[in-house]
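J.: Can you read through this structure? Questions will come right after.
The values are calculated or read from the model by the stated rules, or taken from the named source; none is laboratory data. Just so it is clear, the model here is predicted, and its values are computed rather than measured. Please note: Cβ atoms are built from the backbone with ideal geometry, for glycine as well, and neighbour counts cover all protein chains shown. Accessible surface areas use protein heavy atoms only, side chains included; no ligands, DNA or RNA. Shrake-Rupley method; radii C 1.70, N 1.55, O 1.52, S 1.80 Å.
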Amino acid sequence: MPGQVSTGEIHHLRLTVTDLDRSRQFYTDLLGFDVAVESPPADDPSAAEAFKILFGGVVMTRGNLIMGLRPMAAPGDRFDPNRVGLDHLSFSVASREDLEHALGLFDDRGVPHGQITTLASFGIDVLPFEDPDGVQLELTAPAA
């Protein structure tokens, strides 16, 4: 349509975190992301140039999703879904059984979470949970 930008799917996202190692472990060990790009060590000659892009963080992938972690938040800072910006981020899973499996993993690892809820008008089941900085996340499956 004239006057509109023709956008496609989301290319990537980046989350600002308080503790890179803790967040990296959460997203790789629990959600299955793979680290694709690491920031070089501070004494590396390329570190200053890389910082302009990576901000001392990492870039991870899972399927077609590219997600960066940017360790620029002050220690103790927490995500606030009631501020302008991101409310939550939802990841797709194949089935309700995957949601139930995730509940057990979250309980075993002390991950704060809600309950599985059916949103019948959308045809989905959702399981809300939080990352280590309190970012609201969700797993979404087709409703059974």
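J.: Of all residues in region 134-144 being in contact with a strand residue (DSSP E or B) (Cβ under 8 Å, 6 or more places away or on another chain) and open to solvent by less than 30 Å² (accessible area, probe 1.4 Å), which is nearest to LEU69 (Cα to Cα)? Show your work before the answer.
T.: From region 134-144, those in contact with a strand residue (DSSP E or B) (Cβ under 8 Å, 6 or more places away or on another chain) are 135-144; that's our starting set.
From the residues that got through so far, the ones that are open to solvent by less than 30 Å² (accessible area, probe 1.4 Å) too are 135, 137, 139-141.
Details: VAL135: 12, LEU137: 15, LEU139: 19, THR140: 22, ALA141: 25 Å.
Among those residues, the one meeting the criterion is VAL135.
J.: Could you please give the count of residues in region 13-69 that are loosely packed, with under 15 Cβ neighbours inside 10 Å and of a type in the set (Gly, Ala, Ser)?
T.: 7
J.: Further, regarding this structure: Looking only at region 96-131, count every residue that is open to solvent by 30 Å² or more (accessible area, probe 1.4 Å), in a loop (DSSP other than H, G, I, E, B) and not hydrophobic (A, V, I, L, M, F, W, C) and tell me the total.
T.: Count: 5.
J.: Considering only residues that are under 17 Å from VAL17 (Cα atoms), assigned to a loop (DSSP other than H, G, I, E, B) and at pLDDT below 90, which ones fall in region 33-57?
T.: None; the set is empty.
J.: Go through the residues of region 75-88 one by one and say whether even a single one is open to solvent by less than 40 Å² (accessible area, probe 1.4 Å), at pLDDT below 95 and under 15 Å from VAL17 (Cβ atoms).
T.: Scanning region 75-88 turns up no residue that is open to solvent by less than 40 Å² (accessible area, probe 1.4 Å), at pLDDT below 95 and under 15 Å from VAL17 (Cβ atoms).
J.: Given the conditions (1) without any contact (Cβ under 8 Å) to a residue 40 or more places away in the chain; (2) not in a helix (DSSP H, G or I), report the number of the one that THR18 does not fulfil.
T.: With (1) without any contact (Cβ under 8 Å) to a residue 40 or more places away in the chain; (2) not in a helix (DSSP H, G or I) applied to THR18, the lone miss is (1).
J.: OK, next. Please list, ordered by first then second residue, the pairs with beta carbon atoms under 6 Å, 6 or more apart or interchain, first in region 70-87 and assigned to a loop (DSSP other than H, G, I, E, B), second open to solvent by 60 Å² or more (accessible area, probe 1.4 Å).
T.: Final answer for the pair search is MET72/THR16; ALA73/THR16; PRO81/ASP87; PRO81/GLN136.
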